[in-house]
Each structure stands twice: as structure tokens, then as C-alpha cells.
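Every number here is computed from the coordinates shown, using simple stated rules; none is lab data. In this text, all values refer to a predicted model and were calculated from it rather than measured experimentally. Note: ideal-geometry Cβ built from the backbone for every residue, glycine included; neighbour counts use all protein chains shown.
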Amino acid sequence: MTPRQVKDAILSKLSGSIASIDSTWSNRNNVAWPNKVFDPNNAPKSGWIRPLIRFTYTDEGEKGERGIGVRNGLFAVENFTPSNTGVNKSGAIASVIEYLFGARTVNSVNFGQPMSTERGDDGNGWYCTITRVPFHVFTND
């Protein structure tokens with residue numbers, strides 16, 4: 001898979017799962033999509049998320065002229081909830097993200113074990129928890 005295909009596969013799964021995070025959320029209002037304008041100051045008070053996809057390294061293919069290689073990366077979702085709801089809502093959102101992506105294959109992307117970390121109040125009235133899930137895909141297959 002190419003980097004673009006990987007991003008599309010991951011974001012497609014996330015987009016189709018927004019209602020499972022919170023039934024009142026929408027893709028347009030509660031998600032700070034990559035390379036799209038999003039103003040946290042105008043975000044709904046129910047909260048919002050910011051998905052991040054980072055590629056780390058690619059292992060070279062082993063067989064043939066263009067052997068099958070492995071592209072590795074990290075998928076992270078920062079979730080922001082109003083500071084007064086803090087750990088409870090933020091933790092619930094992190095649990096849903098872990099369930100959706102942790103230790104499973106989604107759209108040909110193989111995910112590892114998830115890890116969520118509370119970052120706390122961001123100083124702007126939001127409480128932040130970040131969920132990270134390593135992934136790998138095969139290239140040239």
C-alpha cells in the first residue's frame with residue numbers, strides 16, 4: 001500500500017465510526033481532519049478529536065526485483081472533551097478508539113496493541129487524552 005492508500009484506509013474507518021464514539025457527533029463538526037480548517041474555539045461543547053497518521057520506517061522487500069516490503073507507522077487520535085467532564089468522557093472516547101483499531105486488521109492495515117495516555121487540561125478549556133496504535137502494511141504486494 002502507498003502512504004496515500006494507508007491514510008485513506010485509516011481515515012475511512014474512522015469516518016464511518018464517528019457515531020460509535022458519540023451518537024451526537026458528526027464528521028464535519030467533531031473531527032479536525034488532516035489538512036482541513038478546524039477551529040477548536042468553535043468546536044461543539046460535546047468534544048472533538050484530531051486523528052494523526054505518522055509513518056516511521058519501511059522494511060525493504062525480500063523477494064524479487066520489487067519484493068514485498070513492510071511500511072510501519074503510528075495512528076494516533078487526540079480526543080478533547082470539556083475540562084469539567086475530564087477523565088470520564090475522555091477515557092470513554094479513548095476506549096472506543098482502542099476497540100475500533102487495537103489488535104485488528106482494518107482495510108488491509110494491520111494494527112498492534114493500543115495505548116492511551118491522559119495529557120490533561122490543554123489550557124484552553126479542553127481535557128486531552130491521546131490514543132496511539134502502531135500499524136504496518138505490506139508494500140508491493
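Of note:
- Square roots of five times the Cα gyration tensor eigenvalues for the range 15-141, Å: 32, 14, 13
- Two-decimal ratio, the range 1-78, of alpha-carbon radius of gyration to 2.2 N^0.38 Å: 1.40
- Taking a sphere under 11 Å around the Cβ of residue 2 and counting the other residues whose Cβ falls inside, with K and R at +1 and D and E at -1, yields a net charge of +2.
- Net charge of Cβ neighbours under 14 Å - reference residue 115; Lys, Arg +1; Asp, Glu -1: -1
- Residue 45-residue 57 pseudo-label distance in nm [points 7 Å out on the Cα-to-Cβ vector]: 4.9 nm
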